[in-house]
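Right, one structure below, let's go through it.
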Amino acid sequence: MDQFLPEKDVEQKIIELVRHARLRYQIPEDCSGIEACRRIGLRVVNADLPTETDGSLSYDQRIVLLNRRIRWEPRIEFTLFHEITHYLLEEDGEVIDYYTRVLRSNDSHYKQAIERCCHLGAAEFLLPRVRVRAIIDEYEFSITLIEDVAHRQGASFIATAIQLASCSPVECYVVICNFGVPGNSWTPERKLYVDYAPASRAASAYPLARYTTIPRDHLFYQVWEDRRAASGQTYIPFRSGKFLPCYGEATILGGRVFGLLARQRPPSKQQLPLFAF
């Protein structure tokens, strides 16, 4: 890879890795994470990992460690395919060599880049991007697409959120929030916090960190308390304390807040009933 490779080419490389893995290891689109690991030759072991670590890969031993505390099935599936993508990146080497060269002086940025690649790979395994692009091209981009796309396509909410962010027509974050004790907390105080926050390509340079607390005056907190979807002006709450005004949408799915934070409101279209074809 060229030293100044555009980010979109890295994403295309990840999509190709997934496509080749499907063919090489005979992994169908409805394959479970456990079965995919078996076909690749990776052993899955439940382990006592740190609270903030969902999974880990031992490439040499061909073992995927899965945090035994995880109980949410979509998160388990996503974690397994995330670690499978780690394995594919190690096996191929090209993306890792590229980021080692361009981010050699910043270890945290290197780790963020590799983690984003693994998130993209897991989402591509669970919900191919080509399907999501076709839906966005035909229907209005909105947080309400998550439930419809996930149910119709048989994908997890996490994978759907990542693919929506990747295919977004605007600079944005698609955010999954949980209510409880954040994994990095030193106190037992329960809060609404960011669990996943996949970003569009334009926003990926400024990640919305996991476990960032959602303040009580935020649109997402309003949706959590009211248990009712809402949209309007709000802000992006970075962990540093800084914030950026933005357009927001949020809804409740499966006891979690799913929200959109966009620097500009997504373009509106004349709508047909969703999935009427």
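Bear in mind these aren't lab numbers, they're just calculated from the coordinates by the rules spelled out. Every value quoted in this text rests on a predicted model; they were computed, and no experiment measured them. Here the Cβ is made from the backbone with ideal geometry for all residues, glycine too, and neighbour counts use every protein chain on show.
So the values come out like this:
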read-out	value
Sequence-distant residues sharing a close amide H with Leu253 (under 5 Å, placed H)	Phe258
For segment 30-104 versus segment 233-263, the gap between their alpha-carbon centres in whole angstrom	28
Label-point separation, Arg38 to Thr187 (7 Å along Cα→Cβ), nm	4.7
Cleavage-rule hits (chymotrypsin sites (Phe, Trp or Tyr not before Pro)) in segment 120-229: DSSP loop, at most 12 neighbouring Cβ within 10 angstrom	Trp186
Under DSSP loop assignment and at most 13 Cβ neighbours within 10 Å, longest GluC sites (Glu not before Pro)-free interval of the chain	53-188
Given 12 as the ceiling on other Cβ atoms within 10 Å, longest exposed-site-free region of the chain for trypsin sites (Lys or Arg not before Pro) in DSSP loops	105-189
Cleavage-rule hits, chymotrypsin sites (Phe, Trp or Tyr not before Pro), segment 1-102, DSSP coil, Cβ neighbours within 10 Å at most 14	Phe4, Tyr59
Cα shape, segment 213-273, gyration tensor, a/c 1.5 rule	oblate
Relative contact order for segment 105-198, counting Cα pairs under 8 Å that sit 6 or more residues apart, in percent	23
Table column - 3J(HN,Hα) (Hz), segment 250-255, Karplus curve with 6.51, -1.76, 1.60, x for Gly and Pro	7, 8, 9, 9, x, x
Under-28-angstrom lysine pairs by C-alpha in the chain, whenever the two are 8 or more apart or on separate chains	7
Distance cut-off 24 Å, percentage of C-alpha pairs in segment 7-126 lying past it	23
